[in-house]
Amino acid sequence: MYGAQLIRAMQHHATTHAGTALVGSPGQQSSASEAAPLEFFGVGGEKMRAAGCDTIVDAKDLAVVGISEILGHLPKIWRLFHQLVAEAGKRRPGLAIVIDSPAFNWRVARQMKKRGIPVVYYVCPQFWAWRQGRVRLLRKYVDKALVIFPFEEKFYRDHGVDATFVGHPLAGLPKPAITREAYAAEHRLDPAKNWITLMPGSRVKEVRMNLPTILQSAAKLGGEYEFLLPVAPTLDRCFLTSLVGSQPIHLVSESLPALAHSRAGIVASGTATVEGAMMGTPFVMVYRVTAFTYFVGRRTVKVPHFAMVNLIAGKEIVPELVQHDFTAEKVVAQLQQIIADGPARDQMILGLKEVKDRLGHPGGDRLHPADQASEAIFKLMGG
């Protein structure tokens, strides 16, 4: 999504910034001559392709989470990495834009810099949370860092990285226009019941680790509720259907309408927690990884919270149930406090609104974050 937004923003400004060439991994590259449109190639998914990116590598093939999980996929990832670098060697782009995915992208950035190609990092890795020593990689291989959380700009600047806060890509996201009644009719939902959105993650391994306990939680809550499970673009509907089995769970195509019309959510740690804040929907954050990944990770994590909304707020806005604390009983107990009207629900809604406000456009600028990122990129390239 971030890459697709950025491509469209850059295409929009291309007529006034002719003569620039761009490449990006996850997802973008471009080469432009005067009066010629920008061209993009790299790593991406359906949205990137729809925005005009020639995807040399499909983002689904890199959607791996966890230390032990990555080890098993290294040969494939290594092959795709060399495939992308070889393509960049052929096309000779004028700029590389790498987005998120630090394990893959710092290596891409290194290869681009070795070839004399300037590098922009959009949606920077969360080195402030763990492995802070790796900031040196950004100093060495990245010409400009475009960050999406307000506290990141100071952190990276303090570590010698040229960083600019451009706002979060989800900031200012309006609630979907579809009415509750129309949404209920489309997905055969009972509008008289409260709905709960289930978001177990966007990667297969995440879903396998998180969804079973989420489904147990739904079973304990019972038929008083309708349960919505958005199918992430990186996941296969048949795969989710096999995990859900005979449980009365409604698989839906998009997360935002589900969240907007739900009374509450069970949300895995990640970007989905920001989506919950944008929609103002109270939720419980959950997460589980393998025992090995957790054992290694907990020794290096340097932040007080797991949920991004809590980190942005600087305090606990939503409850966090991680690893051994992530049980169906605890999920249900936390949900029951925020489903019912009362101080706990009101306080969480207020906290989520504060988070949404903090992610807004820096300096009150009305430009969308992708447009601000585009402006920063063209400025780096000399206008």
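The accessible area of Leu367, taken with all protein chains in place and a 1.4 Å probe, comes to roughly 70 Å². Between helix 343-358 and the chain, what is the angle of the helix's C-alpha long axis to the longest principal axis, kept within 0 to 90° and rounded to the nearest 10? For helix 343-358, the angle is close to 10 degrees. For the chain, the C-alpha radius of gyration divided by 2.2 N^0.38 Å, with N the number of residues, is 0.99. Ligands, DNA and RNA left out, the accessible area of the chain computed with a 1.4 Å probe is 52% carbon and sulfur. Counting only Cα atoms, segment 71-141 measures 36, 31, 18 Å along its principal axes, largest extent leading.
Computed over segment 248-295, the alpha-carbon pair-distance distribution with 5 angstrom bins reads 5, 20, 26, 21, 12, 8, 7, 1, each value a whole percent. Against the longest alpha carbon principal axis of the chain, how many degrees, from 0 to 90 and to the nearest 10, is the axis of helix 102-114 turned? With rounding to tens, the tilt is 10 degrees. For segment 195-303, the Kirkwood hydrodynamic radius from C-alpha pairs, put into Stokes-Einstein at 25 °C and a viscosity of 0.890 mPa s, yields a diffusion coefficient of 172 µm² per second.
When nucleic acids and ligands are ignored and a 1.4 Å probe is applied, Met348 ends up with an accessible area of around 10 Å². Comparing mean-square fluctuations of Val322, Val166, Val98 from a GNM of the chain with C-alpha springs under 10 Å, the top value falls on Val322. In the chain, the longest principal axis of the Cα atoms and the axis of helix 2-13 are about 50 degrees apart.
Dipole check for the chain: with +1 at the C-beta of Lys and Arg, -1 at the C-beta of Asp and Glu, and the Cα centre as origin, the magnitude is about 1400 Debye. Under 5 Å from the amide H of Leu321 lie the amide H atoms of Met285, Val286, Tyr287, each residue being 5 or more positions distant or on a separate chain, with H modelled from the backbone and absent for Pro and chain starts. Per residue of the chain, the DSSP helices (runs of n ≥ 4 H) give a summed -39500 (n - 2.57) that works out to -14000 deg cm²/dmol at 222 nm.
The values are calculated or read from the model by the stated rules, or taken from the named source; none is laboratory data. All of these numbers come straight from a predicted model, not from anything done at the bench. Don't worry about glycine lacking a Cβ; one is built from the backbone with ideal geometry, like all the others, and counts go over all protein chains shown. In case anyone asks, the SASA skips ligands and DNA or RNA and just uses the protein heavy atoms, side chains included. Shrake-Rupley method; radii C 1.70, N 1.55, O 1.52, S 1.80 Å.
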